[in-house]
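Below is one structure, written out as structure tokens, with a few remarks after it.
The values are calculated or read from the model by the stated rules, or taken from the named source; none is laboratory data. Computed from a predicted structure; not experimentally measured. Backbone-built Cβ (ideal geometry, glycine too); neighbour counts: all protein chains shown. Side chains included, ligands, DNA and RNA excluded: accessible areas come from the protein's heavy atoms. Shrake-Rupley method; radii C 1.70, N 1.55, O 1.52, S 1.80 Å.
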Amino acid sequence: MFDFFRVLSVDKARERLFGAWKIASPGCDRVGLQEALGRVLAQDVISQDYVPPYSRSTVDGYAVMAKDTFGATQSLPAILQIVMDVPMGEIPTASLLPGQAARIPTGGALPQGADACVMIEHTETLDQHTVLLEKPVSPGENVVLRGEDISKHEALVESGRVLRPQDIGGLAALGVTEVAVWRKPKVAIVSTGDEIVPPWTQPALGQIRDINSYAIAAMARDFGAEPSIMGIAEDTYEDVRNLVEESLALADFVVLSGGSSVGTRDVAVRVLADLGPPGVLVHGVAVRPGKPVILAVCCGKPVFGLPGHPVSAMVAFQLFGKPAIEALHHGKIPEQFIDARLSRNISSASGRQDHIRVSLREQDGITWADPVLGKSGLIATMVKADGEIVIPTEKEGLMAGSLVRVRVF
Ligand code: AMP
Ligand code: MG
């Protein structure tokens, strides 16, 4: 059916997946601001107010008419009459007239007529009713104008925004205490392999603890999904099929790891082919590590058969699981990149996308990326790495000293 040795490019593989998958809308949750961090907004938030609702001082000092201060210096100060104290938390009832000033605290509301504030450090009081200003201010100086922060009817954040701490602060400023967010996509995770045992057991000789269920679940959670660890299936058609079917019933998509290659014990591809339509869409992608990946759609939901080697599984989940989560919760998951210099040559076969783990090191003001070498079965290579660089398909390696873009883990 599939020629495993004629693999597809990452882009082509994604195209095939998204071409065959009719994405069901996940629906929304309403959450309070305390639960909103990292969730994907499912509504536009339009300001119903001016923030701040009144013009306010950013300094302790005097509210004035800026034109009264023009030309003021230490030797020739402007002399103004102090006519009021602005109380904190209230709007002053009286207005300023030319030649007048109002004592004002940081955050205090500007009286009518005032258009700037002078810092107390630049003033001297002559007596209780007279202040000398030793510096001019221009209109708007030391003042946040009404609506300067957020205007009325302004869209503060739009649907699809993955909410950050500052977004949540902005919502609080608008008095929006609850927002609609996309429901977290549900991801069911199955590990396969006769040799795989749960992490809390002491493995017998020949056994190995399940890394992938936990690493992939953590990635899924990081991407804003809700993972369920379904357990470990033996390398039999029945066992894998049962657990995949159980997973399909409760999740938006399913991730399988192990048994994705073409050996006699590799049953994933047969199970996923039988569970269609359309079943298996891609078997084998031109990426290293991660080549023996299966992309399938079964019962209308994506199923990813990831390679068993933990690094391969993580690379493949980044490439295919992340966009599936993004499609389901309608938000682009932000990534962080940093420019660095490569500390040594790296070769890469043309025709394949290479993912190189790197650790970052600062030396003499330069950020160096040191490749972390090691097989794709070694989870510690990921643990030691700070990020990865991707060598695109058409490139045959990178020279030491070249500038690289590191995706930070
Ligand atoms: P497979 O893709 O099933 O051929 O597995 C490739 C390698 O990954 C084998 O050495 C497996 O023992 C190992 N492996 C498979 N699944 C896991 C897992 N869940 N956790 C850790 N290692 C695994
Ligand atoms: Mg296996």
key: Ser359 vs. criteria surrounded by 13 or more Cβ atoms within 10 Å (Cβ to Cβ) and small (Gly, Ala, Ser)   = yes
key: Matching residues in the stretch 192-206 - criterion: being over 31 Å from the mean Cα position of the chain (by Cα) and within 12 Å of ligand 2 (Cβ to nearest atom)   = Gly193, Asp194, Glu195, Ile196
query = Restricted to the stretch 277-306, and to residues that are in a strand (DSSP E or B) and open to solvent by 10 Å² or more (accessible area, probe 1.4 Å), which residue is farthest from Glu246 (Cα to Cα)?
reply = Arg288
Flag for Val244 being part of a loop (DSSP other than H, G, I, E, B), within 16 Å of ligand 2 (Cβ to nearest atom) and touching a residue at least 12 places away in the same chain (Cβ under 8 Å) = no
task = May I ask you to list the residues in the stretch 247-262 that are in contact (Cβ under 8 Å) with a residue 60 or more places away in the chain and away from ligand 2 (no atom under 14 Å from the Cβ)?
result = Leu248, Leu250, Ala251, Asp252, Phe253, Val254, Val255
request  = Would you please list the contacts, defined by Cβ atoms under 9 Å and residues six or more apart or on different chains, that run from a residue in the stretch 175-203 that is within 15 Å of ligand 1 (Cβ to nearest atom) to a residue that is at pLDDT below 95 and among the hydroxyl-bearing types (Ser, Thr, Tyr)?
outcome  = Thr192/Ser260
task = Would you point out which residue out of Val315, Val311 is of a type in the set (Val, Ile, Thr), part of a helix (DSSP H, G or I), within 17 Å of Arg352 (Cα to Cα) and more than 16 Å from ligand 2 (Cβ to nearest atom)?
result = Val315
The stretch 97-136, residues that are closer than 12 Å to Asp68 by Cα and either open to solvent by 60 Å² or more (accessible area, probe 1.4 Å) or not in a strand (DSSP E or B) (or both) = Leu97, Pro98, Gly99, Gly113, Ala114, Asp115, Glu134, Lys135, Pro136
task = Kindly provide the set of residues from the stretch 369-391 that are open to solvent by 50 Å² or more (accessible area, probe 1.4 Å) and in contact (Cβ under 8 Å) with a residue 12 or more places away in the chain, ordered by number.
result = Lys375, Leu378, Ile379, Lys384, Asp386, Val390
request  = May I ask you to list the residues in the stretch 320-332 that are modelled with pLDDT of 95 or more and open to solvent by 10 Å² or more (accessible area, probe 1.4 Å)?
outcome  = Lys322, Pro323, Glu326, Ala327
